[in-house]
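The values are calculated or read from the model by the stated rules, or taken from the named source; none is laboratory data. Only a predicted model underlies this, so the values are computations on that prediction, with no experimental measurement involved. Every residue, glycine as well, gets a Cβ built from its backbone with ideal geometry; the counts of neighbours run over all protein chains shown. These accessible areas exclude ligands, DNA and RNA; they are computed on the full protein's heavy atoms, side chains included. Shrake-Rupley method; radii C 1.70, N 1.55, O 1.52, S 1.80 Å.
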Amino acid sequence: MLSIDPMQNSERENYKLLIGSIIPRPIAFVTSMSKEGILNGAPFSYFSIVSANPPMISLSIQRKEGKQKDTARNIFATKEFVVHIVDDTNVEKVNKTAAILPPEQSEIELANLTPITSKKLSIPGVKEAKVRMECILENSLQLGGNETPSCDLIIGRIVQYHIDEDIYEQGRIDPIGLSAISRLAGNDYAKIGEIFTIERPK
């Protein structure tokens with residue numbers, strides 16, 4: 001077995017090891033609003049659950065050469081954002097939003113996604129997602145880097161769920177109906193495969 005010291009690796013080398021090892025990763029498609037009123041949309045696969053009480057999720061948004069991405073900058077300014085689960089019906093459009101655009105151009109328009117009004121936030125979500133979560137900024141941390149932070153870790157508190165009726169039954173979400181897409185490495189993605197059950201010890 002290879003033994004590798006991450007401090008001897010470049011950032012790119014560590015990135016490849018992480019995205020190749022920590023798989024599959026759920027994808028959050030996040031909408032946020034710039035101070036100029038431009039609706040921004042971007043996918044992130046450094047995404048997870050933080051807490052159920054209250055319901056909170058985390059996003060780690062990597063910086064480029066120390067510069068914050070539009071999504072992080074918008075979230076800090078408005079304290080609001082909407083997280084959508086990427087599924088097999090919207091992944092092609094969401095992939096288009098990963099293009100590097102100037103802040104004054106909307107990825108939502110580029111990808112031909114449909115804005116939909118939020119219930120508790122001023123920021124719209126997109127209609128094409130089977131699950132979306134309206135979030136407010138709960139907390140954040142600037143992490144990494146010797147002098148300049150390399151990422152913004154954002155904790156969002158969910159204030160409203162929106163779930164497609166076809167995948168919801170008695171408080172549960174049907175994983176096959178959701179058909180969530182996960183991120184692998186490079187240009188690779190994965191669908192929900194075989195599902196098996198193992199009982200937890202009591």
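When N counts the residues of region 36-118, how does its alpha-carbon radius of gyration compare numerically with 2.2 N^0.38 Å, as a ratio?
Here the answer is 1.13, to two decimals.
Listed cross-link partners 79/120; 35/79; 79/119; 93/130; 69/127 are compared with a 18 Å cut-off, the Cα-Cα value being larger for 69/127. Residues 200, 63, 157 ordered from highest to lowest accessible area at a 1.4 Å probe: 200, 157, 63.
The fraction of all Cα pairs in the chain landing in successive 5 Å bins from 0 to the largest distance is 1, 7, 14, 18, 21, 17, 11, 6, 4, 1, 0, given as whole percents.
Considering only protein heavy atoms, with the full assembly of protein chains and a 1.4 angstrom probe, order 85, 23 by accessible area, largest first.
Working: 85 30, 23 85 Å².
Ranking 85, 23 by accessible area, largest first, yields 23, 85.
In plain terms, the chain from residue 136 to residue 172 could stretch by 10.6 nm, reckoned as 0.36 nm per residue minus the Cα-Cα distance.
Measuring with a 1.4 angstrom probe and ignoring ligands and nucleic acids, residue 127 comes out at about 130 Å² accessible.
For region 68-202, the solvent-accessible area with a 1.4 angstrom probe is 63 square angstrom per residue.
Here r is the Cβ-Cβ distance between residue 79 and residue 104 and R0 is 30 Å; the resulting FRET efficiency, rounded to 0.05, is 0.85.
Roughly speaking, to the nearest percent, how much of region 1-117's 1.4 Å accessible area is carbon and sulfur?
Numbers: 3880 of 6960 Å².
Ligands and nucleic acids excluded, carbon and sulfur reach 56 percent.
Residue 118 contributes an accessible area of around 10 Å² to the protein surface, as traced by a 1.4 Å probe with all chains present.
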